[in-house]
Amino acid sequence: MRTVSLIVDAMPELGITRVSRWIFNCYVIHSGGGDAVVVDAGLPTAADDLRPILEGLPGRVLAIVATHGHSDHAGGVAELAKRHNCPVYLPAVTLTYLKGTRPRTPTLLDTARIWPTLVSQPLDVGGVLGLVKGSRLAGFGTSGGMRWTGPPPAGGLVDGQQLPGVSAWSVVDAPGHTDDSIAFWNKTTRTLLSGDAVLSTRGRAWHTPEIVDTAAANRTRSRLEQLPVAHLLPGHGRPVHADTTVWQHQRH
Ligand SMILES: [Zn+2]
């Protein structure tokens, strides 16, 4: 069941490959030189799931980055970093959690509000088991605070900076879902890797209702909608591609 449920979605025009199980999206950003940066290696199976893609690269894995510290975005980082001997970058706010600051996380009730995304793709048992296992490995989302078994992060990602190794991509702060949420924006291809700030359901963008901070989420929403996003690659849900912008036919 696990093998058939693995989704590999190559988007060469965007320089990205999506590797997913159920609603859990991991993205490989390909650099012009044949190297790659991995975004949101969330499931413990990530290293195996990504193997065919990463071993086929002409170059190497330059970095692993995460859009926030939730377990389903960080649970596979340790194993992947070990295998590829590459640096890990987390949002700057996530680094404060590693030092003991307690993260705020949406309640179970908030999480239940994203059901339209959850039911829009067939359930994959491997993905669910991976989520459970990954929550014991790294990240937060439970009462246990932030767990980390990966290497000490090489740095914290802050608003406006270029992504290490792939300078066409920049960091956009996107708090609301969590305080540490960030997104990645490529203005040339008009692609937004939105993490959990924006999800998708039935082919439409959807600012997540699963939030810890309403004011921050509203600010993030306004800011992201200033970006002329033609390709939305969300943390959960299928990619959304639009002729104009993905905001035009978004779910409200
Ligand atoms: Zn999350």
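The values are calculated or read from the model by the stated rules, or taken from the named source; none is laboratory data. Treat the numbers as computed from the prediction; the structure is a model and nothing was measured. Glycine gets a Cβ as well: all are built from the backbone with ideal geometry, and neighbour counts include every protein chain shown. Accessible surface areas use protein heavy atoms only, side chains included; no ligands, DNA or RNA. Shrake-Rupley method; radii C 1.70, N 1.55, O 1.52, S 1.80 Å.
Just a few scattered comments:
- Across segment 61-167, the relative contact order, built from alpha-carbon pairs under 8 Å that are at least six residues apart, equals 42 percent.
- The share of C-alpha pairs in segment 60-189 whose separation exceeds 17 Å stands at 61 percent.
- Accessible surface ranking that places the most exposed of TYR89, TYR97 first, with a 1.4 angstrom probe: TYR89, TYR97
- Stretched out straight at 0.36 nm per residue, the stretch from LEU123 to ALA168 would grow longer than its current Cα-Cα span by 12.8 nm.
- Candidate lysines - alpha carbon under 30 Å from LYS82, same-chain residues fewer than 8 apart omitted: LYS99, LYS133
- Sorting the segments 106-112, 14-20, 226-232 by their mean number of nearby beta carbons within 10 angstrom, highest to lowest, gives 14-20, 226-232, 106-112.
- Estimated Rh, segment 1-105: Kirkwood, alpha-carbon pairs, angstrom: 14.1 Å
- Model label zone, GLN226; criterion: amide N under 15 Å from point 7 Å along Cα-to-beta-carbon; scope segment 120-163: 159-161
- Taking every alpha-carbon pair under 8 Å whose residues sit at least 6 apart, the chain reaches a relative contact order of 18 percent.
- For segment 112-252: rounded, prolate or oblate by the Cα gyration tensor [a/c cutoff 1.5]: oblate
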